[in-house]
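Before any comments, here is the structure.
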Amino acid sequence: MNSLTLHPMKEIRIVIQGEHVKFVTDLLDSVKATGYTIIHNISGKGNHGFHTAHPMFNEMDSLVMLMTVVPPEKVNPVLAGLKPLFDRYTGVMFVSDVSVSRVDHFSTPSSDR
Amino acid sequence: MNSLTLHPMKEIRIVIQGEHVKFVTDLLDSVKATGYTIIHNISGKGNHGFHTAHPMFNEMDSLVMLMTVVPPEKVNPVLAGLKPLFDRYTGVMFVSDVSVSRVDHFSTPSSDR
Amino acid sequence: MNSLTLHPMKEIRIVIQGEHVKFVTDLLDSVKATGYTIIHNISGKGNHGFHTAHPMFNEMDSLVMLMTVVPPEKVNPVLAGLKPLFDRYTGVMFVSDVSVSRVDHFSTPSSDR
């Protein structure tokens with residue numbers, strides 16, 4: 001039953017324009033966030049609930065969403081690392097709780113595929 | 001460090017057929033949900049855990065998922081506003097907790113891009 | 001107001017290579033998870049925070065994300081059912097809290113579309 005344990009982590013989702021993906025993946029590499037998923041072909045509008053007169057996205061901008069899962073102590077480094085990007089360009093970051101199953105559910109020690 | 005504060009909000013995700021996107025975005029505008037992200041090219045099947053004999057989606061329907069983040073008090077108005085749509089057509093709405101970084105991470109006061 | 005009640009459930013997201021979708025949907029059917037949404041055209045890299053030398057995904061693998069919502073007692077059966085897949089192939093499963101509105105928001109008793 002131990003193999004079914006779920007471990008609490010933090011999920012970070014970052015919505016940005018497609019041309020800034022490398023900035024974010026480099027950041028995730030630098031904080032040793034060890035993986036990510038990218039959802040392509042999304043669009044967005046407005047400022048997602050933030051009280052500002054400056055819209056984040058023009059309608060139908062070509063956007064991507066990067067998702068990563070990190071231990072809680074890595075949320076702030078990611079947020080801080082995104083600041084230079086968000087100072088110049090629009091984007092949004094969401095943080096939520098998530099549980100993940102243990103590593104031996106996801107890769108076998110004897111396999112390297 | 002104050003700039004790294006995360007604020008608790010509610011994330012709403014709505015899965016609908018593509019032709020009803022405008023109904024939902026009009027609703028989000030009317031409750032002053034100030035932005036949204038749309039994930040295109042998704043498919044769905046079944047009724048997502050609801051106990052009903054009426055499937056929500058036929059397999060391979062062309063669906064979209066709208067995501068928005070609102071303060072907690074706006075969840076019920078969105079839910080109520082979707083009722084006329086869900087009375088006639090199939091769809092599903094999920095609500096979950098999310099934290100967002102403060103607005104000065106996402107747009108600069110001096111910029112209007 | 002009763003119609004606006006939100007019910008706590010568990011959201012399961014499973015990221016896998018596209019060729020394994022049927023394995024997962026068959027599993028979801030077998031545990032009576034009554035629906036799912038599939039996000040196509042995503043990509044991934046690395047091992048999503050898991051401490052292993054074995055990357056889960058090669059960069060730019062063609063992946064899909066399946067999302068389903070189940071009562072809490074069905075999380076472990078899904079996790080157990082995925083083990084044979086994850087023993088052979090790479091993939092990842094996330095579990096998070098979600099609330100859903102009641103069924104009469106999503107389908108009308110008199111309609112079978």
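Could you list, in sequence order, the residues of region B:10-43 that are under 23 Å from C:Thr37 (Cα atoms) and of a type in the set (Lys, Arg)?
B:Lys10, B:Arg13, B:Lys22
Could you tell me which numbered condition C:His7 fails, if it satisfies all but one of (1) at pLDDT below 90; (2) under 18 Å from A:Gly35 (Cβ atoms); (3) part of a strand (DSSP E or B)?
Status for C:His7: all satisfied but (2).
The values are calculated or read from the model by the stated rules, or taken from the named source; none is laboratory data. Quantities reported herein were computed from a predicted structural model and do not represent experimental measurements. No Cβ is skipped: glycine too gets one built from the backbone with ideal geometry, and neighbour counts run over all protein chains shown.
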